[in-house]
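Bear in mind that the values in this text are calculations on the coordinates, not laboratory data. Computed from a prediction, not measured in an experiment: that's the story for all the values here. Counting neighbours? That spans all protein chains shown, and the Cβs are built from the backbone with ideal geometry, glycine included.
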Amino acid sequence: MVHMFLNGGGMKGGNLHHLIGGAPFVGPATTLPIYRLHSVGDDHPALQLAPEGQGAAIDGELYDIDLTVLRTSLLPAEPADLELGVVGMADGSEALGMRLRDNCADLPELIDITAHGSWRAYRATKAEAP
C-alpha cells in the first residue's frame with residue numbers, strides 16, 4: 001500500500017473513484033505550493049511542476065492504495081497526457097500522483113486553473129455559469 005494523491009476523477013464522487021478498489025481514505029490533502037493546475041479540455045485536471053516562484057498549493061484527497069489496484073485498475077483508465085509521478089505534500093511527505101507529461105505542456109486544450117486551487121472548485125464555477 002502507498003499513499004496516492006488524487007485531484008480529479010479518482011476523488012470521492014468522481015467518475016474514476018470506483019477504480020481505486022475501496023482504497024482507504026487517508027484524508028483531504030494539499031500539495032506543496034510548487035504546482036500549476038490545468039484543465040485539459042474541461043475533461044480532467046493535470047498537475048504540473050511550476051517554474052520556481054510560480055506555483056500554488058493544490059487541494060485533493062489522499063488514499064492508501066494497493067499497488068496491484070493502481071497498476072491494473074486506475075492507471076489504465078488515466079488519460080494519455082498524464083503519467084504517474086511523485087507529488088510533494090504540504091505536510092512534508094510525498095505521495096504518488098498523476099502529473100502532466102512534459103511533452104504535453106503545450107497542448108492547445110490546456111487551461112490554467114491554478115487560481116481555483118482544485119479541480120472541484122474549478123468545476124463548481126463551471127456548474128454555476130449560466
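Between Asp106 and Ala124, full extension at 0.36 nm per residue minus the direct alpha carbon distance yields a gain of 3.9 nm. Between segment 108-124 and segment 13-56, the alpha-carbon centres lie 10 Å apart. Only helices enter this figure: runs of n ≥ 4 DSSP H residues, each worth -39500 (n - 2.57), summed and divided by the residues of the chain, yield -2500 deg cm²/dmol at 222 nm to the nearest 500. A cut-off of 5 Å between modelled amide H atoms, ignoring neighbours fewer than 5 places along the same chain, links Arg101 with Leu82, Glu83. Relative to the longest principal axis of the Cα atoms of the chain, helix 119-128 runs at roughly 60 degrees. Residue order for Ile58, Ile111, Ile20, fewest other beta carbons within 10 angstrom first, comes to Ile111, Ile20, Ile58. With the charge dipole of the chain set up from +1 on Lys and Arg Cβ and -1 on Asp and Glu Cβ about the Cα centre, the Cα lying farthest toward the positive end among the listed residues Ile113, Thr125, Tyr35 is that of Thr125.
Rounded to two decimals, the Cα-based Rg/Rh of segment 2-113, with Kirkwood Rh, is 0.94.
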